[in-house]
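The structure under discussion appears below in the form of structure tokens.
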Amino acid sequence: MFNDIGALELVTLVVLAVLVFGPDKLPKVIQDVTRTIRKIREFSDSAKQDIRQELGPEFKDFEFEDLNPKTFLRKQLDNDELGLKEIRNGFDLKKEMAEVTDAVHGRDTEPSSSGSSSSGSGGGRIDMSKKPETPGKTGKPADDRPPFDMDAT
């Protein structure tokens, strides 16, 4: 419940409680709060028991934590009936990212294992890293970008 409260936050809460309630009333307030929390837990447990009794024996292994969508999905995805573990283990994210990076930078990578035949001289790959050279008025390739201006930045 309070997994993300650090030591500094806890000390701040204690000092704030002493300032608000005073040192003589603070023990009684703490007792009242713990008694209320205990009653809420007892009420929750009894409600869970009543629901389990009403559902019947076919829901004897029903867990209320499974109603949380994250828990439900995690439990279903960990089930090996779908074969998702094989798919997850067969996917190498680092290799895929390296191939994408090489393709973006125009570097040649090892041929893909898809078995498709390469057509033409480019192997079906378009080199997007180089602009087509179109000669300008001076015979140099035309550059659409203006020169870099250090004072403008």
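The values are calculated or read from the model by the stated rules, or taken from the named source; none is laboratory data. This one's a predicted model, so the numbers in the text were calculated from it and none came from an experiment. Neighbour counts run over all protein chains shown; Cβ positions are idealised from the backbone, glycine included. Surface accessibility is based on the protein's heavy atoms, side chains included, excluding ligands, DNA and RNA. Shrake-Rupley method; radii C 1.70, N 1.55, O 1.52, S 1.80 Å.
Points worth noting:
- Residues located in region 35-47, provided they are at pLDDT 95 or above and either of a type in the set (Val, Ile, Thr) or surrounded by 11 or more Cβ atoms within 10 Å (Cβ to Cβ) (or both): Thr36, Ile37, Ile40
- Selected residue (only one of Asp24, Asp4 is over 21 Å from Glu65 (Cβ atoms), acidic (Asp, Glu) and either touching a residue at least 40 places away in the same chain (Cβ under 8 Å) or open to solvent by 90 Å² or more (accessible area, probe 1.4 Å) (or both)): Asp24
Per-residue answers, yes or no, for (1) among the charged types (D, E, K, R); (2) modelled with pLDDT of 70 or more; (3) touching a Phe, Trp or Tyr at 6+ places or on another chain (Cβ under 9 Å):
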| position | (1), (2), (3) |
| --- | --- |
| Gln49 | no, yes, no |
| Asp61 | yes, yes, no |
| Thr134 | no, no, no |
| Gly139 | no, no, no |
| Asp151 | yes, yes, no |
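- So Asp32, is it loosely packed, with under 10 Cβ neighbours inside 10 Å and not aliphatic (A, V, I, L, M): no
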